[in-house]
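The values are calculated or read from the model by the stated rules, or taken from the named source; none is laboratory data. Computed from a predicted structure; not experimentally measured. Cβ atoms come from the backbone with ideal geometry, glycine included; neighbour counts cover every protein chain shown. Just so you know, the surface numbers come from the protein's heavy atoms only, side chains and all, with ligands and any DNA or RNA stripped out. Shrake-Rupley method; radii C 1.70, N 1.55, O 1.52, S 1.80 Å.
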Amino acid sequence: MVSLEQGIKTQDLPGIPKVGQGKVRELFEVDGHLLMVATDRISAFDVILPNAIPHKGKVLTQLSAFWFELLEGMVDHHLVSVQVDEFPAPLQPFREELAGRSMLVRKCTPLPIECVVRGYLAGSGWAEYRQSETICGSRLPSGLVESAELPEPIFTPATKATNGHDENISFDRAAQIIGPELAEQVRDLSLRIYNRAREYALEKGIIICDTKFEFGMEGSRLLLIDEVLTPDSSRFWPADEFEPGKSQPSFDKQFIRDYLETLDWDKAPPGPELPSSIVEATSQRYLEAYRLLTGKDLAEAL
């Protein structure tokens, strides 16, 4: 088995059925549950890069677990445990590889939309606003600048793309896909979760510009699933450096994207090798986001 710390190649747990693989995660089925394993892989422009980012998978896992606990009582979720000692017996031979970077979760049926909430004007939202002063059909005031705080957070759903980028869609289109009642439920829940998390994070020195939630159905029960409020699913900005009117420094992989934009690369596979200085600086950004939000170093959680 390839070490999960290497985070680049396809991972296998001999004897444990693999049921899915994404850019970052491996998904296995065991004893009626799913095991989500976060590698140290990193992608940019939908291309998996040849370098691993040290500690990244553990940050994603442990930060998600932190948020699931913080949101208890607000939303049901799929997390069963991140403690390897509590995993089913068939997983115990792999405890060293799985420790810190794995979540045992409930099986459910994921909704076929991404639930995006935006509190600030950035990314594809900023690009659309410059053209039409809208985001996903939501009309915004004139005269906003890049990174401006929106009058109020907005729900901007997207389709899930198996290849390439997710596509922003209107709320009406989301309602057609999953049904009006469920669309209203995930919209309202997404906004409540975002507002709770944004208020908490701001007290810790981080602005959550925007974030992406995923939900799934366990029978008739709606669950918050996948990773939650991590540097991979959100834009985290340092609050003390916030300055509207330009792109913001961030705790996420935007740092790598900015570096890649300086290269003569067509954004097609294979991705370019990253210098060690970029790898290390990116790793430190992930670790610092974890430290600020949880109040402790990653090593203390493991």
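Data overview
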read-out: Summed side-chain charge close to G125 - residues other than G125 whose Cβ falls under 12 Å, Lys, Arg +1, Asp, Glu -1; value: -1
read-out: About the Cα centre, charge dipole magnitude for the chain (Lys/Arg +1, Asp/Glu -1 at Cβ), debye; value: 220
read-out: Cα gyration tensor, the range 126-273 - rounded (a/c under 1.5), prolate or oblate; value: rounded
read-out: Carbon + sulfur, % of accessible area of the range 250-302 - ligands and nucleic acids excluded, 1.4 Å; value: 49
read-out: Computed FRET value (nearest 0.05) for E29 with E167, which takes r as the C-beta separation and R₀ as 30 Å; value: 0.55
read-out: Virtual spin-label span in nm between E181 and A127, 7 Å along Cα→Cβ; value: 3.7
read-out: Computed P(r) (all Cα pairs; the chain; 10 Å bins; percent); value: 6, 27, 36, 25, 6, 0
read-out: Extension reserve of the E86-M217 stretch, reckoned as 0.36 nm per residue once the Cα distance is removed; value: 44.8 nm
read-out: Probe 1.4 Å, accessible area per residue of the chain, Å²; value: 45
read-out: For the range 106-113, 3J(HN,Hα) per residue [Karplus equation, 6.51 cos²θ - 1.76 cosθ + 1.60, θ = phi - 60°, Hz, x = Gly/Pro]; value: 6, 6, 7, 9, x, 5, x, 10
read-out: Accessible surface of the range 21-157 [probe 1.4 Å, protein heavy atoms]: carbon and sulfur percent; value: 48
